[in-house]
Amino acid sequence: MADQSKKEEEEEEEENPSISLSVPQAFLVHLISGLGLAISLWVAHNLYSINLVSHSSITLRLIWIVESATVILIYSRFRIDPQQCSYLKAVVRGILALPVGALVNALGAIALGAPVGIQYLPKTINWSLLMSSFTVAPAASVFGLSWTYWQRIFAQTKPNGPLEYMICIPAHGAVIGGWFGAWPMPLDWERPWQEWPVCVTYGAMTGYLVGMIVSSGFVLANGRRQRLKED
């Protein structure tokens, strides 16, 4: 029975490309992703003197352009099928997935009560592209159209191994953070930051960063478990 269980674990590891990602590599990927977000906010504030409250659409556009480029370029290095898929192809499929993920996020936000109207359209588009950078673009760069991985990460929420932790947990963190960030919107405080999608964006970014920290913990725990197995 123990031999069979061990054999199943070995087969699972062979099928899971996440084991090729070391703990330092995982931390570096998260660090670069977080720096992309920080740099875009710094540039918006210090070079253009804008922020999410004063110029929501323009600031969101700057953030998603920087963050999407960062995550697509770095996650494409860890594609699951390097023999069949070149680095350039992985980058291209991440770029193509960006608007698709934005459409899904936009429809989800509207279904949950996001305002609809011409005046909100630029904000919604840029917010959705940012959310796609957090959720869909990294997964598309790594997994392509492999339904097995998409189902396990987004439908079943059962990531397996460091790479899947790194994609799954921050993505869910961004969605959950955005949902919590929407709570102040209907309150009658009449504050500028309550406008769509300011507080939702701050919530999503916070959830994304928290998700990266949590996933780093899972990656570290997974690395320790692998070392114990080897010993």
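The values are calculated or read from the model by the stated rules, or taken from the named source; none is laboratory data. As the structure is a prediction and not an experimental result, all values here were calculated from the model. Neighbour counts run over all protein chains shown; Cβ positions are idealised from the backbone, glycine included. When the accessible area is computed, the model is the full protein with side chains, heavy atoms only, and any ligands, DNA or RNA have been set aside. Shrake-Rupley method; radii C 1.70, N 1.55, O 1.52, S 1.80 Å.
With respect to the conditions (1) within 19 Å of Cys168 (Cα to Cα); (2) open to solvent by 40 Å² or more (accessible area, probe 1.4 Å); (3) in contact with a Phe, Trp or Tyr (Cβ under 9 Å, 6 or more places away or on another chain); (4) assigned to a helix (DSSP H, G or I), Ile80 falls short on a single one, namely (4). Can you find a residue that is in contact (Cβ under 8 Å) with a residue 60 or more places away in the chain and among the small types (Gly, Ala, Ser) anywhere in segment 85-108? Scanning segment 85-108, I find no residue that is in contact (Cβ under 8 Å) with a residue 60 or more places away in the chain and among the small types (Gly, Ala, Ser), so the answer is no.
Restricted to segment 172-208, and to residues there that are under 14 Å from the mean Cα position of the chain (by Cα) and of a type in the set (Ser, Thr, Tyr), the residue that is nearest to Ile50 (Cα to Cα) is Thr201.
Quick one: would you say Val91 is under 25 Å from Pro162 (Cα atoms), at pLDDT 95 or above and among the hydrophobic types (A, V, I, L, M, F, W, C)? Yes; evaluated as a whole, the condition is true for this residue.
Does Ile95 satisfy the condition of being within 24 Å of His30 (Cα to Cα) and open to solvent by 10 Å² or more (accessible area, probe 1.4 Å)? So Ile95 passes the test. For segment 41-52, the criterion of being crowded, with 22+ Cβ neighbours inside 10 Å and of a type in the set (Ser, Thr, Tyr) is satisfied by no residue at all. Looking at segment 18-30, is at least one residue at pLDDT 95 or above, part of a helix (DSSP H, G or I) and closer than 26 Å to Ile118 by Cβ? No, that holds for no residue.
Among residues of segment 183-198 that are of a type in the set (Val, Ile, Thr), those with a Cβ under 7 angstrom from a residue that is in a loop (DSSP other than H, G, I, E, B) and surrounded by 10 or more Cβ atoms within 10 Å (Cβ to Cβ), sequence gap 6+ or separate chain, pair up as Val198/Leu52; Val198/Val53. Scanning segment 83-114 for residues that are among the hydrophobic types (A, V, I, L, M, F, W, C), in a helix (DSSP H, G or I) and out of contact with any helix residue (DSSP H, G or I) (no Cβ under 6 Å at 6 or more places or on another chain) yields Leu88, Val92, Ile95, Leu96, Val100, Leu103, Val104, Leu107, Ala109, Ile110, Ala111.
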